[in-house]
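What follows is a short report on a single structure.
The values are calculated or read from the model by the stated rules, or taken from the named source; none is laboratory data. As the structure is a computational prediction, the values presented were derived from the model and not from experiment. For neighbour counting, all protein chains shown are included, and Cβ atoms are generated from backbone atoms with ideal geometry for every residue, glycine included. SASA here: full protein model, heavy atoms, side chains in, ligands and nucleic acids out. Shrake-Rupley method; radii C 1.70, N 1.55, O 1.52, S 1.80 Å.
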2 protein chains.
Amino acid sequence: MSTSVVRAIRILDLIAKSDQPMPLAAIAEALDIPRSTAHVILRDLVAESVLTCGKPPTYSVGVKAFEIGSAYLRGSGIAAVVGPELARLTGALRFTAHYAILDGTEALYLCKEDPPGLGIRLASSVGARLPSHLTAVGKASLAWLGDEAVTEHVSLKTKDASGQAVTMKRLSAELARVRELGYATDDGQITAGIRCVAAPAFDATGPRGAIGVSFLSSATESLAPIAAEVMESAARVTTLLGGESPA
Amino acid sequence: MSTSVVRAIRILDLIAKSDQPMPLAAIAEALDIPRSTAHVILRDLVAESVLTCGKPPTYSVGVKAFEIGSAYLRGSGIAAVVGPELARLTGALRFTAHYAILDGTEALYLCKEDPPGLGIRLASSVGARLPSHLTAVGKASLAWLGDEAVTEHVSLKTKDASGQAVTMKRLSAELARVRELGYATDDGQITAGIRCVAAPAFDATGPRGAIGVSFLSSATESLAPIAAEVMESAARVTTLLGGESPA
DNA sequence: TTACGGCGTTCATATATATGAATCTTATAC
DNA sequence: GTATAAGATTCATATATATGAACGCCGTAA
């Protein structure tokens with residue numbers, strides 16, 4: 001095993017998750033790496049433009065990292081399929097639309113499209129992670145996985161915005177309802193006052209992420225017409241991915 | 001120096017720039033690394049989800065890389081400033097708008113906003129690189145750098161779409177004209193039939209990327225009203241960045 | 001089926017790296 | 001201006017890594 005490579009990635013991940021530039025000492029301590037070792041790795045990462053170093057020395061993610069990361073969307077071909085559909089959704093509903101996949105116990109947001117015009121623009125969520133079982137996109141993805149697989153993708157430690165713990169039993173019931181309705185919701189579980197509606201997209205191998213929209217709870221009466229639009233987009237993505245929508 | 005870290009990054013960069021998943025042998029040969037060494041590094045990168053490995057074994061950029069890379073836009077604060085401005089531009093002009101910075105001898109595209117509705121959606125360009133002296137965004141950024149600095153950011157080897165070589169003399173003259181007008185153009189130098197107009201944004205330290213729009217050459221008569229909109233957006237970004245627009 | 005060729009994988013060893021301690025630098029308080 | 005402390009950087013050495021060669025695997029062709 002090449003410890004320095006693993007450490008380099010861990011360092012990048014740590015800095016990426018921090019909202020502020022990090023000094024060497026903080027990095028070394030957080031990852032339990034000797035300062036001198038961290039120093040060498042950081043030097044190399046800076047030299048390769050994967051990190052940038054400010055002065056006084058603090059490290060942030062650099063352009064090269066962005067460039068490499070952007071290849072993921074191109075390579076997976078997701079952006080080309082999902083992008084136009086998100087544009088359609090934001091145009092029709094005037095809500096922010098996004099696409100997210102399950103990664104570990106969290107939903108990872110891959111694409112976002114803000115509504116046209118000068119409406120509310122939610123804080124950028126591309127690259128963000130949120131607990132899968134608290135988000136509409138996460139629940140939509142989980143619903144068709146089967147109970148055994150769900151436990152692998154959920155961290156029950158996480159509580160929602162109202163402080164309510166999530167039990168497997170309760171989640172299981174909600175996912176059953178998601179399958180029934182064809183869409184999942186989140187009403188303030190992540191951010192109070194923000195509601196989300198999402199529906200899953202499938203490829204030939206099964207669920208592959210979900211498309212969702214976010215909006216102010218106060219701005220809507222009925223979810224049905226919104227859900228219908230979201231499900232239509234999700235179904236279309238499913239078709240493009242070569243998958244089949246469940247009954 | 002930690003060669004394995006540098007090699008890991010080079011490997012990631014190589015795979016990111018390839019449009020197809022790469023097998024170990026191709027990677028090892030391209031970077032002149034022994035196969036066995038490359039194998040160890042690839043194993044670690046896959047274990048950390050920075051790469052994914054298909055079967056038969058071919059490597060592509062993984063989700064972790066995307067997640068790390070997305071931190072660049074958040075951290076630099078660019079997306080928050082530029083995003084709304086791009087939205088305004090696409091809304092007003094119905095063209096695709098983008099923001100790019102100089103990186104080495106190329107322009108690196110950081111943000112893109114497609115026009116609302118079902119209009120033409122240009123192929124996703126986020127993360128793409130194009131020669132700085134052939135693109136409108138590149139030329140807009142170069143124009144206010146000073147001739148000495150320009151040579152560092154330009155690779156004169158690159159020819160434009162019409163096969164015409166670019167001399168420093170000719171470029172210098174064009175940049176002078178860009179300074180005069182306040183905006184730069186690209187009329188088919190990258191892609192025949194596609195025209196771009198861009199204007200630079202400044203922060204306190206100098207030029208910091210450029211905002212531009214792309215459209216079909218056939219779809220426009222006069223550049224002036226388009227350029228005016230682009231320059232207005234660029235000026236607004238400049239203000240937000242704490243910079244000052246030149247005379 | 002068998003032989004072949006290309007690729008991926010493993011392994012022992014020469015070699016480069018990781019690290020604790022010392023040094024230097026920078027920011028802060030007095 | 002000086003002292004102080006926190007952090008960054010350097011360096012010699014113990015240790016883990018990089019690598020060439022050998023092996024195993026899979027697809028292809030005879």
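To keep it simple, each residue is scored yes or no on (1) within 7 Å of chain A (Cβ to nearest Cβ); (2) in contact (Cβ under 8 Å) with a residue 24 or more places away in the chain.
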site	(1), (2)
B:ARG43	no, no
B:VAL46	no, no
B:SER49	no, no
B:LYS55	no, no
B:ALA71	yes, no
B:ARG74	yes, no
B:ARG88	no, yes
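Which ones in segment B:1-41 are more than 15 Å from DNA strand D (Cβ to nearest atom), in a helix (DSSP H, G or I) and without any contact (Cβ under 8 Å) to a residue 12 or more places away in the chain?
Within segment B:1-41, B:ASP13, B:LYS17, B:ALA26 qualify.
Does segment A:70-78 include one or more residues that are open to solvent by less than 30 Å² (accessible area, probe 1.4 Å), more than 19 Å from B:VAL6 (Cβ to Cβ), within 12 Å of DNA strand C (Cβ to nearest atom) and part of a helix (DSSP H, G or I)?
no
B:ARG88 fails exactly one of the following numbered conditions: (1) surrounded by fewer than 19 Cβ atoms within 10 Å (Cβ to Cβ); (2) outside the structural domain of B:ALA198 (by TED's automatic domain parsing); (3) charged (D, E, K, R). What is the number of that condition?
If we test B:ARG88 against (1) surrounded by fewer than 19 Cβ atoms within 10 Å (Cβ to Cβ); (2) outside the structural domain of B:ALA198 (by TED's automatic domain parsing); (3) charged (D, E, K, R), just (2) comes out false.
For B:VAL178, which of the numbered conditions (1) out of contact with any Leu (no Cβ under 7 Å at 6 or more places or on another chain); (2) surrounded by 16 or more Cβ atoms within 10 Å (Cβ to Cβ); (3) touching a residue at least 60 places away in the same chain (Cβ under 8 Å) fails to hold?
Here B:VAL178 meets the rest and fails (3).
Does A:LYS64 qualify as being within 14 Å of chain B (Cβ to nearest Cβ), within 30 Å of A:ARG35 (Cα to Cα) and at pLDDT below 85?
It is false that A:LYS64 is within 14 Å of chain B (Cβ to nearest Cβ), within 30 Å of A:ARG35 (Cα to Cα) and at pLDDT below 85.
State all residues of segment B:40-52 that are open to solvent by 30 Å² or more (accessible area, probe 1.4 Å) and within 20 Å of A:THR3 (Cβ to Cβ); if no residue qualifies, say none.
B:VAL40, B:ARG43, B:VAL46, B:ALA47, B:SER49
Looking at segment B:2-20 only, could you name the residues that are at the interface with chain A (Cβ under 8 Å from one of its Cβ atoms) and more than 18 Å from B:ASP44 (Cβ to Cβ)?
Across segment B:2-20, the qualifying residues are B:LYS17, B:ASP19.
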